[in-house]
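Take a look at the structure set out below.
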Amino acid sequence: MKRLLLAFALWLPAIAMAGSLQPLTAAEVPALLQPPARGERIIALWALDCAYCEPNLEALAALQRAHPHEIELLTVTTDSIEQREAIEARLRSMQMAGYPARAYAEASPEQINFLLDPDWGGETPRVLVIRADGSRLGISGALTPEQLQKLR
Amino acid sequence: MRRLLITLLCLLSPALFAHEGMSMNMPKGPELGASAAFDSHGRLYLVDAANGHVRLRHSDDDGRTLSAPVDVNAIAEPIYAEGENRPKIAFGPHDELYVSWSQPRAKPWTGFVRFARSLDRREHFSKPLTVHHDHAEITHRFDALAVDGNGRIVIAWIDKRDVIATTAQGKPYLGAAVYYSWSDDGGASFVPERKLVDQSCECCRIALARLPDGGIAAFFRNIYGDNIRDHAYTVLRTDGQTSQVERATFSDWQIAGCPHHGPGLAIGSDGTRHAVWYEAKGKPTIWYGQLDPGHAPQHPLAIATTGASHADVAVHERTVWVVWNQVGANGYTLMLRRSTDNGAHFDAPREIASNSGAVASPQLLQKQGHAFVAWNTATGFRLIETPR
């Protein structure tokens, strides 16, 4: 029984990781935009149909690893959570599965775009930085090294 | 110990079932990418995609009721039917019905451009053919369809053969390319495709419009310098001559990314090239302007900003209509601005329809000099006549 319990305990995190993609509804956007207690929350917006998004996510992950206590990184895909399998597979192939991940869960994606950032027209990649002091920064397109430096 | 295991199982089970429950709560239904057109008798035709079929419906009462659908492709296949990448419909000079669409392939971003026709007013459709002669499993998608003044069917699309070949040699290549082909035999076959331009944007629809002389013009998002994503204009030559592609917008929006936001084009009988396009160098903005290829557009006007997207434009004599989707916290409104002096001035924006759920890009259609907007929404297809 002890061995069974141990096997079960080891299996639990694997389940948690595999199902880590969570839906993002319009009603949940305000909570996501709340300033973090410290440092920055970086919301990395991406899409399955965006070839520029992968290198951008890699660069943001590298930045987060360099500042693990200051930066809270999460990924949000503008694709519908109905495409869960494809999204999770892509997150794994991009080695981004270790970060909290959300996918749009509204029939009208542009509405979530607007609520996240009214000055964003939906182009991807998009990064949204929310700082502890309440200030925000939004940048569209693959980030240049100079832009990456400005994120924090 | 056994109790601990049971407790753990109880804790786990809601997490396991949560996914299923969530997907059950998600709205289901066909994607909203659709296109509509009037035939010469004023009958409205609509194409969209459902269950692997491009389906055709028609309406004899301006969209209030739609006929039962007819499958364009008898054998189901994957079909792109999202905003910028939707099935297309066009009519030949004798109401021949032409349909094109992009078919996703197995790998991400890949696709084939497909075409089928009906010569007996939708009774039967030809077996779909792949328009391009290159059958590599790469991007050939975002098809655009038009019929020229001689009845020639012209199709343009975004193609990645050159970026793949160039980067394989270790050389840089931004974006994709635009290719086009045409059919001289009413859609029985298409000539081998030719390249229009290198280094175009990868994910924005191509606008096609007929010129007064019957030729087909193209207006599309292109890449200039280091990812400046402005627009190019050209006439698609089908006489063996080379199409002259010229830069036609100068917004200087630099983005290494996917705008998913192509332009619109309508050409008046006087040859004025009325255009709408989107850029977000500062605030996201929909622009109107009259193209003067090689130079900045004439009569530029910021039609709408924050929350505005996916505009279309139409012209009849000296009346110009611009429509777009405006998103807000509570849903979408379909907006209109109209000019009665050939685009020199536009009236104030007005709301002509609204929808709380998802909507597709609006498409302007004309019948007997009046403008209608085809607006596919999650609650059904709507045809909205613009106020006279």
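Cβ-Cβ distances below 7 Å connect the following pairs, each with a first residue in segment A:103-123 that is at the interface with chain B (Cβ under 7 Å from one of its Cβ atoms), a second residue that is among the aromatic types (Phe, Trp, Tyr) and not in a helix (DSSP H, G or I), and a separation of six or more residues or different chains: A:Ser108/B:Tyr332; A:Gly121/B:Tyr278.
Just the residues that are buried (at least 24 other Cβ atoms within 10 Å of the Cβ) and either away from chain A (no Cβ under 14 Å) or among the polar types (S, T, N, Q) (or both), please, taken from segment B:253-264. The answer is B:Gly264, and nothing else. Each residue in segment A:134-152 was checked for being in a loop (DSSP other than H, G, I, E, B), crowded, with 18+ Cβ neighbours inside 10 Å and small (Gly, Ala, Ser), and 2 pass. For segment B:368-388, give me the residue count where each residue is among the basic types (Lys, Arg) and under 17 Å from B:Arg57 (Cβ atoms). Final tally of qualifying residues: 1.
The lone criterion from (1) out of contact with any Ser or Thr (no Cβ under 6 Å at 6 or more places or on another chain); (2) in a strand (DSSP E or B); (3) touching a residue at least 40 places away in the same chain (Cβ under 8 Å) left unmet by B:Val327 is number (3). Checked against the criterion of being surrounded by 18 or more Cβ atoms within 10 Å (Cβ to Cβ), within 27 Å of B:Ala311 (Cα to Cα), at pLDDT below 95 and of a type in the set (Gly, Ala, Ser), the candidates B:Gly83, B:Gly63 yield just one match: B:Gly83.
The set of residues in segment A:65-87 being more than 10 Å from every other protein chain (Cβ to nearest Cβ), crowded, with 19+ Cβ neighbours inside 10 Å and outside any strand (DSSP E or B) consists of A:Ile87 alone. Go through the residues of segment B:339-350 one by one and say whether even a single one is within 14 Å of chain A (Cβ to nearest Cβ) and not charged (D, E, K, R). No, the conditions are met nowhere in segment B:339-350. B:Gly214 satisfies every condition listed in (1) touching a strand residue (DSSP E or B) at 6+ places or on another chain (Cβ under 9 Å); (2) on the phi > 0 side of the Ramachandran plot except (1). For segment A:91-102: of the residues being surrounded by fewer than 21 Cβ atoms within 10 Å (Cβ to Cβ) and in a helix (DSSP H, G or I), which is nearest to the other protein chains (Cβ to nearest Cβ)? Result: A:Ser93.
The values are calculated or read from the model by the stated rules, or taken from the named source; none is laboratory data. Computed from a predicted structure; not experimentally measured. No Cβ is skipped: glycine too gets one built from the backbone with ideal geometry, and neighbour counts run over all protein chains shown.
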